[in-house]
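Derivation of every value follows stated rules applied to the coordinates shown; laboratory data play no part. This is a predicted model, so every value here is computed, not measured. We place every Cβ from the backbone using ideal geometry, glycine too, and count neighbours over all the protein chains shown.
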Amino acid sequence: MLRISAALVAALLLALTGSAPAPTAAQERPLVVALGAEPRNLMAMRTVDWTTNVQQMNIYDRLYFWDGMPPRIKPSLAAELPQTPDDLTWIIKLRPGVKFHNGDAFTSEAVKWTIEWLLDPKNESHYRPRFAFVESVETPDPLTVRIRTKEPAPILRYWLVDFTVQNPNYVRQVGNDVAARQPIGAGPYRFVRWDRDERLVLEANPNYWNKPPAIKRVEFRFIPDFSARLASLLAGESDIVKDIPPVAVEQVNRSGRAEVRGVASSRINYLALVNFKPGPLQDRRVRQAMNYAINVDEIVSNLFKGRATRTPGALSSINENVNPNLKPYPYDPERAVQLIKEAGYDPTKLEFTLDSPSGRYPLDKEASEAIAAYLGRIGIRVRVVVNEWGTHLDKIINRRTGEMFYLGWGPALEAQGTIAELFRPERTYSGFGTPNLTLEINKALPIVDAKKRQAAWHRIQVMLYTEAPWVFLWQQHDLYGVNKRVTWHPHPAEKVYLHDATWAKR
Amino acid sequence: MVQFVARRLLEAAVVVLLALTAVFSLQFLAGDPVKLFLPTDTTPKQIEEFRERLGFNDPWLVQYGRFMRGAIRGDFGNSLRQGEPALGLVMQRLPATLSLSAVAMALALGVAIPVGVISAARRNSWFDHAGIGATVLGQAIPGFWLGLMLIYVFAVWLNVLPTGGRGTWAHFILPSITLSAFVAARFARLTRSMMLDVLSQDYIRTARAKGLGPPRVLYKHALKNASLPIVTLLALQLGQLLGGAVITETIFAWPGVGRFLVQALLNRDFPVVLVGVFLTAVVYSGLNLAADMAYAWLNPRIRYQ
């Protein structure tokens, strides 16, 4: 028995001494952002993933970024907005005197390297398709980048937003694998340590071109369980936690330590009506009827307590290309029944399956159930199938959903990323397409002239409104729990830039 | 003995092989993971290229052969999500799980065995009743609920312990209590019932008649004889703690293997899942072997052929 006890004590000691020492009180407590997962890697321009990008963005600086409300494109590593002397040429002037964290100068060479790096298939960058139209990148001088495209590609203006830049010397020297674990960027914070599944530690870059950050040390902590993230906020351990559910807002505000700060996000939620399968939803009148039959305003006020902003069409109200003339479908169940009958169907004989995720978007399952209940009022039977997220996505990608599915899309601050991605037949995230719509979209894509492009997107939004491919729902409000000792405001495109954060004055 | 161990090791290898084969085959039913890892604007042509590079377009048997050849050399391929070798990613998280399991098991045994022994020795006393009550609670309370309640009481309300994460000895307290509650309850109940059984044996009466003091009778004579099933349970529970601390690791943001594997499963990151299956099979086989060998030490009548 004695021997067993000794073994246990030894195990205990081993376990305890194996852990890191506690931070001393003299150190300034870091600003802690609690996230659900660690980054997939820390290589700039390799992976499209919210959690990954939010962390990278504080280490690498971007050429341009979305700033203000409504958000507009502003230069960061670039010195000014890009110039387009002709439809195929883009000139980017860079900010002088910027240095990477290791002291290397930031020049046009770095931008050229990063674009060529992401275009090289062996680097497996998710950004490759977005830059497939690039013909060449030239560096006439250290502060000028000239990009030539194979075809007119006005979307490049948006792809240069949040374009993070690698340090070519460093990546060449250490290789992709090391650079992806120990990044060197030119951003406001530099890398200190990454404890797997625990935390990413960053410290302020004292040489940041745009005044060094006020908060000297930052930690991203990885807490997979939402209740535990909330608890860490309430206990004062975390300073910023995203996606506070509307039901927990009161609890956070009452805690005395933290408060909920919200922003109308550029992410929209919608109920897709699948028109690729034979059935009543192929008829435009039936799809319009779905929009008339559901009282979206009531769901927003009762279920969301006003924490959602209704969208009349496919784009959010803060999208650069939104058509401001669209008005939401009114709640008119009688008109809905009439339209369904005109289309030759009896609403009481209609049966649909609605696929919904649970917990991916604010109150997604509850909203799906409310939608089913409204359709039930005019006699339509809707079976709500609640899916685990991976399964939900898998069903959508492989077109195995029911006639309707619930999804969110964003952040989206321009039209192409939503309309061209969702309403062409080969794309599955919407389940809708018509030859006419595809034609119009394909015509709009290469228009470089800003006014003509805006007019084209406005016209397409009217078409979409009439075709009713979705039940148009709302922009979700992103609710962040923020410790009162921190001054920081949420960003409508779901960015967590910490450069602007400061400690609140007491 | 050597022959016995060799035979058991061979059996273990077969178990590991079968487990890997089963899970490798099952992944084909779980849907195409490739699209889940790529951004939504990836073109079908690029998705195809990606599949081709990962070898997902090859026939099942070819993929299986390639996987097994790699696995034998310890190469399970790269994580689809993180792009790093899957085995390394899992092994990095092993120390966290081992340390938490060790503390939790020490806590469980340290509490449960004395409680079980005393309950049996003082059957139907208030201690016995209280002990039984506590074990029923320990087995009935779900781990996630207990964990969250502990967090809310000790971290949020009293603010004396951290809500989660790893770093200091204080970080061990709540997760190890959560993890050990269920295990301790099982051990206490088993110890009590085995002790009751043993205490009614003739040799105990003899020991007492010889004039030995109660502690010596209880611990030297009774507990050693009662401990065979406890060792079996220990091996099983240790296996479960190592692979199954999923809920505790998730709630307490503990950077361990269980939490990582569940995330991998939800993300359809199959190379990581297969490493998890491999490790679990190896650990269980190893622990079972260790338990069998411990029997020989505890009960000299057992001899292995």
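Observations, loosely collected:
- Whole-angstrom gap from the stretch A:93-154 to the stretch B:71-116, using each part's C-alpha centre: 42 Å
- The Cα atoms of chain A give a gyration tensor whose axes a ≥ b ≥ c have a/c of 1.5 or more with a/b no greater than b/c, which makes the shape oblate.
- Fewest-first ordering of A:Ile268, A:Ile91 by other beta carbons within 10 Å of each residue's beta carbon gives A:Ile91, A:Ile268.
- Cross-link pairs exceeding 24 Å in C-alpha to C-alpha distance, out of A:Lys112/A:Lys150; A:Lys216/A:Lys242; A:Lys305/B:Lys35; A:Lys112/A:Lys452; A:Lys395/B:Lys45, comprise A:Lys305/B:Lys35; A:Lys112/A:Lys452.
- Electrostatic tally near A:Glu138: other residues with Cβ closer than 14 Å to its Cβ, Lys and Arg +1, Asp and Glu -1, net 0.
- Sparse-neighbourhood loop sites, trypsin sites (Lys or Arg not before Pro) in the stretch B:175-264 - DSSP loop, at most 12 other Cβ within 10 angstrom: B:Lys210
- In this simple spin-label model, placing a label point 7 Å from the Cα along the Cα-to-Cβ direction at both A:Arg172 and B:Leu137 gives a separation of 6.7 nm.
- The local environment of B:Ile113, defined by Cβ-Cβ distances under 13 Å, has a net charge of +4 under the rule Lys, Arg +1 and Asp, Glu -1.
- Cβ charges +1 (Lys, Arg) and -1 (Asp, Glu), total dipole of chain B, debye: 1320 debye
- Summed residue charge, Cβ within 12 Å of A:Val448's Cβ, Lys/Arg positive, Asp/Glu negative: 0
- C-alpha long axis of helix B:270-298 to longest principal axis of chain B, angle in °: 20 degrees
- The stretch A:379-433: GluC sites (Glu not before Pro) falling in loop per DSSP and having at most 11 other Cβ within 10 Å: A:Glu426
- Amide H contacts under 5 Å for A:Ala258, placed H, 5+ residues apart: A:Lys484
- Distance between modelled label sites at B:Asp32 and B:Val160, nm, 7 Å Cα→Cβ extension: 5.6 nm
- Three-way shape label, the stretch B:1-126, alpha-carbon gyration tensor, a/c 1.5: prolate
- Amide H within-cut-off set for A:Val32, under 5 Å, with H built and near neighbours excluded: A:Glu219, A:Asp239, A:Ile240
- The phi-based Karplus calculation (6.51 cos²θ - 1.76 cosθ + 1.60; θ = phi - 60°) puts the 3J(HN,Hα) values of the stretch B:216-230 at 5, 4, 5, 7, 7, 8, 7, 4, 4, 6, 7, 8, 4, x, 5 Hz, whole numbers, x for Gly and Pro.
- Of the three principal axes defined by the Cα atoms of chain B, the extents in descending order read 85, 58, 30 Å.
- Each residue of the stretch B:99-111 was assigned a 3J(HN,Hα) from its phi angle through the Karplus curve 6.51 cos²θ - 1.76 cosθ + 1.60 (θ = phi - 60°); the sequence is 5, 5, 4, 5, 5, 5, 5, 4, 4, 4, 5, x, 8 Hz, with glycine and proline shown as x.
- Shielding score for B:37-46, defined as the mean number of other chain Cβ atoms within 10 Å: 6
- Normalising the average separation of contacting C-alpha pairs (under 8 angstrom, six or more residues apart) by the number of residues puts the relative contact order of the stretch A:331-407 at 39 percent.
- Averaging Cα coordinates gives a centre for the stretch A:402-472 and one for the stretch A:353-387; these two points are 24 Å apart.
- Label-reachable residues, the stretch A:308-348, where backbone N falls under 17 Å from a point 7 Å from A:His489's Cα toward its Cβ: A:318
- Crossing angle, helix B:2-26 versus chain B [Cα axis fit, 0-90 degrees, rounded to tens]: 50 degrees
- Averaging the Cα positions of each part gives two centres, and for the stretch B:252-281 and the stretch A:231-254 these lie 28 Å apart.
- Estimated FRET transfer efficiency when R0 is 45 angstrom, pair B:Leu236-B:Lys210 (beta carbons, to 0.05): 0.80
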